[in-house]
Amino acid sequence: MKNNKELISEILKDIKHDMTDEEILALLAGSKISINPAKESNKKVSFGQRAADAIAKFAGSWAFIGSFVGVLLLWMILNICLAANAFDPYPFILLNLVLSCVAAIQAPLIMMSQNRQEEKDRRRAENDYKVNLKTEILIEDLYKKVNRILARQEAILKRLEADRPSLTTAPKPAKKDENE
């Protein structure tokens, strides 16, 4: 499979046979390269992906940490206070099992969300690359045009200087009479 650079160079070779550089640049300048990756990625999101994103968002918040610490403290205080009738006495084996299950479920959900975010970042980087490449090509073209304009101006100035040397040299001031 060909990479992007090879495809672009092949397309440009084909275009160059049929179009002038100015036509290619006008086509490039008139075309829209940038996209909004956020809008594109939201179109193809399944229920599971949205759920994973929501869980990862909540699991990475202070609200989750506070509520989780609260549940843990409540669990431990309740079991210590119930003493002999506790549903999970002191070593809190059931609590360890619950924590392990939460971690086992939470970790893949967070990884799924991170993978989706990585895909969004990759699309955003590709979009930025395309926009930067287009901008670089257009700026390079403008630079060449400005250089041509400057070269033409210099040539015109040299021709004017050659045709009318009096324009480039300042006229000599007339001598003043000392009597005046």
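Here is how the numbers come out for the structure above:
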read-out	value
Any chance T169 is at pLDDT below 95, over 21 Å from S34 (Cα atoms) and of a type in the set (V, I, T)	yes
Pair list, Cβ < 7 Å and 6+ apart or interchain, from the stretch 37-50 residues that are at pLDDT 85 or above to residues that are surrounded by 13 or more Cβ atoms within 10 Å (Cβ to Cβ) and among the charged types (D, E, K, R)	Q49/R116
So N96, is it loosely packed, with under 12 Cβ neighbours inside 10 Å, at pLDDT 90 or above, in a helix (DSSP H, G or I) and not aliphatic (A, V, I, L, M)	yes
Test set (1) in a helix (DSSP H, G or I); (2) modelled with pLDDT under 85 - L150 fails condition number	(2)
The listed residue being touching a residue at least 40 places away in the same chain (Cβ under 8 Å) and out of contact with any Lys or Arg (no Cβ under 9 Å at 6 or more places or on another chain), out of V98, V131	V131
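Yes or no, residue by residue, for (1) modelled with pLDDT under 90; (2) over 28 Å from E22 (Cβ atoms); (3) not polar (S, T, N, Q):
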residue	(1), (2), (3)
G70	no, yes, yes
L73	no, yes, yes
A83	yes, yes, yes
R123	yes, yes, yes
N132	yes, no, no
I137	yes, no, yes
P173	yes, yes, yes
D177	yes, yes, yes
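The values are calculated or read from the model by the stated rules, or taken from the named source; none is laboratory data. Given the structure is predicted, the values throughout are model-derived calculations rather than measurements. Cβ: placed from backbone, ideal geometry, glycine included. Neighbour counts: every protein chain shown.
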